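S.K.: I'd like to ask you about the structure that follows.
The values are calculated or read from the model by the stated rules, or taken from the named source; none is laboratory data. Since the structure is predicted, the reported quantities are computational estimates derived from the model, not experimental observations. All Cβ positions, even for glycine, are placed from backbone atoms using ideal geometry, and neighbour counts span all protein chains on display. Side chains included, ligands, DNA and RNA excluded: accessible areas come from the protein's heavy atoms. Shrake-Rupley method; radii C 1.70, N 1.55, O 1.52, S 1.80 Å.
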Amino acid sequence: MINVKNISYQIGKKHLLQNISFSVKSGQMLAIIGANGAGKSTLLKILCQDLSPTTGQVFINNKASNDYSQSELAKLRAVLAQHNTLSMQFTVKELVTMGRYPHFKHRPQPNDVAIINQAMQETGVLEFACRNYNTLSGGEQQRVQLARVLAQIYDSPNAFLLLDEPTNGLDLLYQQQILNTARKMANKGFGVVCILHDINLASAYADKILILKNGRNIAFGSPSEVVNCENIHQAFNINVQLMPYEGFNCPLVVPSFLNV
């Protein structure tokens, strides 16, 4: 479990996060949504330990995250950043192999090789294994990066996958592929925390949704509990309509373009 207790983050007099608390269990997928500047990426950076909270604490499996060594954390959580640019030339397989670095000292063992191949298979990039990463499209590169972070935690029980806007700039097919993979990881027992902009995608894939506005938690719960006209208007300052959709676990959110 990731347990976030009363997290606040302040730069000078500006409060980027204020008293955020929530938990994510193994086997759950949490989507964090909110308008630009709501504090989503700041919160994820704190979960990743790229930032230290001004107040509050993050616990991973009932232990304070700052009590883990970096090598221990590398086996407990993997992070897919929003931007992944490379100036050096690597093949796809070499890049995915980097995800296994916390697990071997000199060269990958047979188990590592099997996991690397499995991660590439599950993300649909095995056919690119010998290709230069920089020759791939943006969507293909994002799937390679996802394969890398999957390989990092693939055989680690109670590990977590942290995704910062993994669908940003991708077409509909790649969005579905990325989120399907994240959902499958949750179904296998991993915890997944994902920042998303699309409310309907969040509702379709996530077990829980956290809605932020100006660094504050305005709603946390299942999609059916928190996705409503009032919360969406408060978070995004836009009027919406909810439309029932067969097979969907909560209504579709449609902007009321004529009544903003």
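S.K.: Need the list of aspartates and glutamates near Lys75 for cross-linking: C-alpha distance under 17 angstrom, and skip anything on the same chain fewer than eight residues off.
M.R.: Asp50, Asp67, Asp112, Asp155
S.K.: Would you please name the trypsin sites (Lys or Arg not before Pro) within region 1-72 that are DSSP coil residues with at most 11 other C-beta atoms within 10 Å of their C-beta?
M.R.: Numbers: sites: Lys5, Lys13, Lys14, Lys25, Lys40, Lys45, Lys63; in loops: Lys13, Lys25.
Counting only loop positions with at most 11 other Cβ atoms within 10 Å, the trypsin sites (Lys or Arg not before Pro) in region 1-72 are Lys13.
S.K.: So for region 185-225, considering every pair of alpha-carbon atoms, how many percent are separated by more than 17 Å?
M.R.: 32 percent
S.K.: Here's another thing I want to ask about it. Post the alpha-carbon centroid distance, region 111-147 to region 40-64, in whole angstrom.
M.R.: 29 Å
S.K.: Continuing with the same structure: Please report the Cα spread of region 69-146 along all three principal axes, rounded to whole Å, starting with the longest.
M.R.: Projected onto the principal axes, the Cα atoms of region 69-146 cover 34, 27, 23 Å.
S.K.: Distance check, please: which entries in Lys40/Lys188; Lys25/Lys63; Lys93/Lys184; Lys63/Lys184; Lys40/Lys184 exceed 18 angstrom between their Cα atoms?
M.R.: Listed pairs above 18 Å: Lys40/Lys188; Lys93/Lys184; Lys63/Lys184; Lys40/Lys184.
S.K.: Return a whole-number percent for the relative contact order of region 76-226, with Cα pairs under 8 Å and 6 or more residues apart as the contact set. Before the final figure, lay out the partial values.
M.R.: Numbers: 214 pairs, mean separation 37.5, N = 151.
Reported relative contact order: 25 percent.
S.K.: Something else: At 222 nm, what value in deg cm²/dmol follows for the chain if DSSP H runs of at least 4 each add -39500 (n - 2.57) and the sum is divided by all its residues, to the nearest 500?
M.R.: So the helix-based figure for the chain works out to -9500 deg cm²/dmol.
S.K.: Got a number for carbon plus sulfur as a percent of the chain's accessible area, 1.4 Å probe?
M.R.: In the chain, the share of accessible area belonging to carbon and sulfur is 49 percent.
S.K.: Debye calculation, C-alpha points only, no solvent: report log10 I(q)/I(0) for region 11-153 at q = 0.15 Å⁻¹, in the same order as the q values.
M.R.: Debye intensities relative to I(0), on a log10 scale: -0.90.
S.K.: How would you classify region 134-229 from its alpha-carbon gyration tensor, with a ≥ b ≥ c the square roots of the eigenvalues: rounded for a/c under 1.5, else prolate if a/b is greater than b/c, otherwise oblate?
M.R.: Verdict is oblate for region 134-229.
S.K.: Where nothing but the Cβ of Lys and Arg (+1) and of Asp and Glu (-1) is charged, how large is the charge dipole of the chain around its Cα centre, in debye to the nearest 20?
M.R.: Working: 22 positive and 17 negative charges, 137 e Å.
The calculation lands at about 660 debye.
S.K.: What percentages, rounded to whole numbers, describe P(r) for region 133-185 computed over all alpha carbon pairs with 5 Å bin width beginning at zero?
M.R.: 4, 19, 31, 24, 14, 6, 2
S.K.: Let me ask something else. Averaged over all directions, how much area does the convex hull of the C-alpha atoms of the chain cover when projected, in nm²?
M.R.: That works out to 15.0 nm².
S.K.: Just to confirm, what accessible area per residue do you get for the chain at 1.4 Å probe, in whole Å²?
M.R.: Ligands and nucleic acids excluded, the result is 48 Å² per residue.
S.K.: While we're here: Tell me the Kirkwood radius of region 209-260: reciprocal of the mean inverse pair distance over distinct alpha-carbon atoms, in Å.
M.R.: Kirkwood radius, region 209-260: 11.6 Å.
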